[in-house]
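Novice: Structure incoming, see below.
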Amino acid sequence: MTESNNMLEIKGLTIHYVTDDGVVRAVNDLNIAIGRGESIGLVGETGAGKTTTALGILKLVPNPPGKIIDGEIFLDGEDIIKKSEPEMRKIRGNKVSMIFQDPMTSLNPVMTVRDQIAEVILLHEKMPAAKALEKAEEMLMKVGIMPDRAKDYPHQFSGGMRQRVVIAIALACSPELLIADEPTTALDVTIQAQVLELMKNLKEEFNTSMIMITHDLGIVAEICDKVAVMYAGSVVEYADKLELFKNPKHPYTIGLFNSIPDIGNDVESLKPIKGLMPDPMNLPTGCPFHPRCDKAKPECSEKIPAGYDIGNNHIVKCILFNQ
Ligand code: SF4
């Protein structure tokens, strides 16, 4: 147990995949903390290590080849790395739930949506089956699906409605932490807005802490309290949402903002970040962003920068802020 009042605290998390071709360094010395009822956006390009971090929190990193090499993950004060698999089964879906990108991969095609929600409820709570079915229908109502659709199968729903069912399953046991991995990427923009609004309302109703994994800063602006920008398996900048949006400091974060079209600003062309995310099997020495960084100095390739607190609980992992 820790004294901290945080819902989740990750310290020095390092996850590698050991393959025949080499070691994939997916998550490297990652540190984040989430308060109760707080939501944090985990932002970064594909390959930044966002999903592996989420799988680490659930102890679902496929082993082999994946392995948590180092670090601590305190969920509600308890170090879950030390938990056994039967203990983790009680935690998943109950204390912490996850919503995946593609609802079809999380739903059972041969069970009605109501039965799938009731199954999760019965797994974690002792109650008669009829009561669980009743509660499943209530959860469907909460996500805007009427009882006359409760006995339908996933294929009878549209993509947006299926994602609503997945959200109902994830929230059925009132988890204290919800991890949403790009939950709206597969949906069109209007449905995306509806699902985000729904998640925001449910999060407030259940006072759930949330990790929103996304590459879309617009989604972070919509739904998160804090932002952690990830690069090459590590958080390179961390701050409250307003602070980070007003005052981005890390050259990578600034590059992300410069890559977004701004309707109020008449620019000839966007400024994408040059180059690509490094191969996690072959990370550059020192600051992993140095081959792409316009501000890089010779020492950037020598030492991994520490995270510097620049005030306002704003952390930047870049030597330019070593005062
Ligand atoms: Fe750029 Fe150096 Fe800062 Fe890395 S440490 S972001 S290379 S200036």
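The values are calculated or read from the model by the stated rules, or taken from the named source; none is laboratory data. It should be emphasised that the depicted structure is a prediction, and the values quoted were computed from it without experimental measurement. Don't worry about glycine lacking a Cβ; one is built from the backbone with ideal geometry, like all the others, and counts go over all protein chains shown.
Novice: Restricting the first residue to region 193-204 and requiring it to be over 13 Å from residue 39 (Cα atoms), which pairs with a second residue that is at pLDDT below 85 and outside any helix (DSSP H, G or I) meet a Cβ separation below 9 Å and a spacing of at least six or different chains?
Specialist: 194/187; 195/187
Novice: Hand me the list of strands (runs of 3 or more DSSP E) wholly inside region 190-242 holding 2 or more residues that are within 17 Å of residue 289 (Cβ to Cβ). Please lay out each step first, then the result.
Specialist: On the way: elements: 209-214, 226-231, 234-240.
Here the list reads 226-231, 234-240.
Novice: Next up: Just the residues that are over 17 Å from the mean Cα position of the chain (by Cα) and of a type in the set (A, V, I, L, M), please, taken from region 73-97.
Specialist: Keep residues of region 73-97 that are over 17 Å from the mean Cα position of the chain (by Cα), which gives 76-91, 94.
Selection gives 80, 81, 88, 91.
Novice: Tell me, which residue of region 298-318 that is in contact with a helix residue (DSSP H, G or I) (Cβ under 6 Å, 6 or more places away or on another chain) and modelled with pLDDT of 95 or more is farthest from residue 234 (Cα to Cα)? Write out each step before concluding.
Specialist: Going residue by residue through region 298-318, those that are in contact with a helix residue (DSSP H, G or I) (Cβ under 6 Å, 6 or more places away or on another chain) are 300-301, 305, 308, 310, 312, 314.
Those left that are additionally modelled with pLDDT of 95 or more: 300-301, 305, 308, 310, 314.
Numbers: 300: 16, 301: 16, 305: 11, 308: 14, 310: 18, 314: 16 Å.
Top of the filtered list is 310.
Novice: Determine if region 141-156 includes at least one residue that is in contact with a strand residue (DSSP E or B) (Cβ under 6 Å, 6 or more places away or on another chain), part of a helix (DSSP H, G or I) and under 21 Å from residue 210 (Cβ atoms). Even if it seems obvious, please write down each step before you answer.
Specialist: Here is the first cut: in region 141-156, the residues in contact with a strand residue (DSSP E or B) (Cβ under 6 Å, 6 or more places away or on another chain) are none.
No, region 141-156 contains no residue that is in contact with a strand residue (DSSP E or B) (Cβ under 6 Å, 6 or more places away or on another chain), part of a helix (DSSP H, G or I) and under 21 Å from residue 210 (Cβ atoms).
Novice: In region 298-323, how many residues are within 12 Å of the ligand (Cβ to nearest atom), under 19 Å from residue 12 (Cα atoms) and part of a loop (DSSP other than H, G, I, E, B)?
Specialist: 7
Novice: Sticking with this one: Which one of 53, 46 is surrounded by fewer than 18 Cβ atoms within 10 Å (Cβ to Cβ), closer than 30 Å to residue 292 by Cβ and of a type in the set (S, T, N, Q)?
Specialist: Values: 53 fails: surrounded by fewer than 18 Cβ atoms within 10 Å (Cβ to Cβ).
Matching residue, one of 53, 46: 46.
Novice: Can you find a residue in region 132-152 that is surrounded by 21 or more Cβ atoms within 10 Å (Cβ to Cβ) and in contact with a Ser or Thr (Cβ under 6 Å, 6 or more places away or on another chain)?
Specialist: For region 132-152, residues surrounded by 21 or more Cβ atoms within 10 Å (Cβ to Cβ) and in contact with a Ser or Thr (Cβ under 6 Å, 6 or more places away or on another chain): absent.
Novice: Sticking with this structure for a sec: Among the listed residues 224, 287, 318, identify the single one that is of a type outside the set (Gly, Ala, Ser), touching a residue at least 24 places away in the same chain (Cβ under 8 Å) and within 23 Å of residue 24 (Cβ to Cβ). First the steps, then the outcome.
Specialist: Numbers: 224 fails: within 23 Å of residue 24 (Cβ to Cβ); 318 fails: within 23 Å of residue 24 (Cβ to Cβ).
Every option except 287 fails the conditions.
Novice: State yes or no: is residue 233 within 16 Å of the ligand (Cβ to nearest atom), more than 27 Å from residue 7 (Cβ to Cβ) and not aromatic (Phe, Trp, Tyr)?
Specialist: Values: within 16 Å of the ligand (Cβ to nearest atom): yes; more than 27 Å from residue 7 (Cβ to Cβ): no; not aromatic (Phe, Trp, Tyr): yes.
The answer is no for residue 233.
Novice: Any idea how many residues of region 285-297 are more than 25 Å from the chain's Cα centre (by Cα), near the ligand (Cβ under 10 Å from one of its atoms) and either part of a loop (DSSP other than H, G, I, E, B) or modelled with pLDDT under 95 (or both)?
Specialist: Of the residues in that region, 6 qualify.
Novice: Looking at region 252-268, is at least one residue in contact (Cβ under 8 Å) with a residue 60 or more places away in the chain, surrounded by 22 or more Cβ atoms within 10 Å (Cβ to Cβ), closer than 26 Å to residue 69 by Cβ and within 16 Å of the ligand (Cβ to nearest atom)?
Specialist: If we filter region 252-268 for residues that are in contact (Cβ under 8 Å) with a residue 60 or more places away in the chain, which is where we start, we get 256.
Restricting the remaining residues to those that are surrounded by 22 or more Cβ atoms within 10 Å (Cβ to Cβ) gives none.
Taking every residue of region 252-268 in turn, none turns out to be in contact (Cβ under 8 Å) with a residue 60 or more places away in the chain, surrounded by 22 or more Cβ atoms within 10 Å (Cβ to Cβ), closer than 26 Å to residue 69 by Cβ and within 16 Å of the ligand (Cβ to nearest atom).
Novice: Which condition breaks for residue 36 when tested against (1) more than 22 Å from residue 225 (Cα to Cα); (2) in a loop (DSSP other than H, G, I, E, B); (3) not polar (S, T, N, Q)?
Specialist: Residue 36 satisfies all of (1) more than 22 Å from residue 225 (Cα to Cα); (2) in a loop (DSSP other than H, G, I, E, B); (3) not polar (S, T, N, Q) except (1).
Novice: Starting from region 87-110, take each residue that is without any contact (Cβ under 8 Å) to a residue 40 or more places away in the chain and list its partners that are β-branched (Val, Ile, Thr), counting only C-beta distances under 9 angstrom and pairs at least six apart or across chains.
Specialist: Going by the 9 Å Cβ cut-off, the qualifying pairs are 87/80; 88/80; 91/80.
Novice: Inspect all residues belonging to region 175-186 and state whether any of them is surrounded by fewer than 16 Cβ atoms within 10 Å (Cβ to Cβ) and of a type in the set (Val, Ile, Thr). Don't jump to the end; show me each part of the working.
Specialist: Step one: list which residues in region 175-186 are surrounded by fewer than 16 Cβ atoms within 10 Å (Cβ to Cβ), which gives 185.
From what is left, the residues that are of a type in the set (Val, Ile, Thr) are 185.
Yes, because at least one residue in region 175-186 is surrounded by fewer than 16 Cβ atoms within 10 Å (Cβ to Cβ) and of a type in the set (Val, Ile, Thr).
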